[in-house]
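Q: Got a structure here, written out as structure tokens. Questions coming.
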Amino acid sequence: MLSAQARETLSSDPAEEAKEIERLALRLLATREHSRLELMRKIAARGFRTEDACAVLERLEREDALNEDRMAERYVSERVGKGFGPLRIRSELRDKGLADTRIEHALEPMHAAWPTCVSKAHERRFGANAPVDRADYAKRARFLEQRGFPADIIRRFLRFPH
């Protein structure tokens, strides 16, 4: 990483600064997929100019090194594997700067799998037992809600006996 003094020297040479931004972006992308907004935030935090970063990121998008569709698909897969539901994943992807259409496209293949996902998340936390009383039902419902599952899926899954 460059020192502030070295970065000041680079700012007089736009080509060198662009190379440094590209090296940083590619290093970040090598560890995991990032959204454009995430990369912009990290690049800006290191003191690079936004205009220079935009040009580099546009080129990386054209070269498919930066691909938000791929990032969204991998993120959904990872979070589903950790037991999170569509509401939470959608919110997290929005925080990463992804457009709603891109998010919905990434979540759409999971539509039929959410009941299975809620079951797995529940079983990991509570085992296979059904709720024993209203307080237990409420506790389990709150847990699943915090994991990002919609209320209708939670109700269908828990089916509290009357």
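The values are calculated or read from the model by the stated rules, or taken from the named source; none is laboratory data. Everything numeric in this text was worked out from a predicted model, so none of it was measured. Don't worry about glycine lacking a Cβ; one is built from the backbone with ideal geometry, like all the others, and counts go over all protein chains shown. All accessible areas refer to the heavy atoms of the entire protein, side chains included, with ligands and DNA or RNA removed. Shrake-Rupley method; radii C 1.70, N 1.55, O 1.52, S 1.80 Å.
Q: Suppose we filter segment 24-77 for residues that are of a type in the set (Asp, Glu) and touching a residue at least 40 places away in the same chain (Cβ under 8 Å); how many remain?
A: To start, the set of residues in segment 24-77 that are of a type in the set (Asp, Glu) comprises 33, 38, 51-52, 58, 61, 63-64, 68-69, 73.
Going one step further and asking which of them are touching a residue at least 40 places away in the same chain (Cβ under 8 Å), we end up with 33, 38.
Selection size over segment 24-77: 2.
Q: Further question: If you go through segment 121-162, how many residues are β-branched (Val, Ile, Thr) and in a loop (DSSP other than H, G, I, E, B)? Show your work before the answer.
A: Of segment 121-162, the ones β-branched (Val, Ile, Thr) are 132, 153-154.
Restricting the remaining residues to those that are in a loop (DSSP other than H, G, I, E, B) gives 132.
The number of residues fulfilling the criteria is 1.
Q: Quick one: in segment 51-85, of everything that is under 14 Å from residue 34 (Cα atoms) and of a type in the set (A, V, I, L, M, F, W, C), which residue is most open to solvent (accessible area, probe 1.4 Å)?
A: Selected residue: 65.
Q: Under 7 Å between Cβ atoms, which residue pairs at least 6 apart in sequence (or on different chains) link something in segment 130-156 that is more than 19 Å from residue 110 (Cβ to Cβ) with a partner that is open to solvent by 100 Å² or more (accessible area, probe 1.4 Å) and in a helix (DSSP H, G or I)?
A: Final answer for the pair search is 143/125.
Q: Conditions first: (1) surrounded by 14 or more Cβ atoms within 10 Å (Cβ to Cβ); (2) within 19 Å of residue 13 (Cα to Cα). Residue 42 passes all but one, so which condition is the exception?
A: (2)
Q: Considering each residue of segment 105-141, count those that are closer than 11 Å to residue 86 by Cβ and open to solvent by 90 Å² or more (accessible area, probe 1.4 Å), and give that number.
A: In the first step, residues of segment 105-141 are kept if they are closer than 11 Å to residue 86 by Cβ; the result is 106-108, 110-111, 113-114, 117-118.
Now narrow it down to the ones that are open to solvent by 90 Å² or more (accessible area, probe 1.4 Å): 108, 111.
Summing the residues that are closer than 11 Å to residue 86 by Cβ and open to solvent by 90 Å² or more (accessible area, probe 1.4 Å) in segment 105-141 gives 2.
Q: Taking residue 96 and the conditions (1) within 27 Å of residue 22 (Cβ to Cβ); (2) more than 20 Å from the chain's Cα centre (by Cα), which numbered condition does it fall short on, given that it satisfies the others?
A: Failed condition: (2).
Q: While we're on this one: Mind listing whichever residues of segment 87-98 are touching a residue at least 12 places away in the same chain (Cβ under 8 Å) and either under 25 Å from residue 44 (Cβ atoms) or open to solvent by less than 10 Å² (accessible area, probe 1.4 Å) (or both)?
A: Narrowing segment 87-98 to residues touching a residue at least 12 places away in the same chain (Cβ under 8 Å): 87-93, 96-98.
Result: 89, 91, 92, 93, 96, 97, 98.
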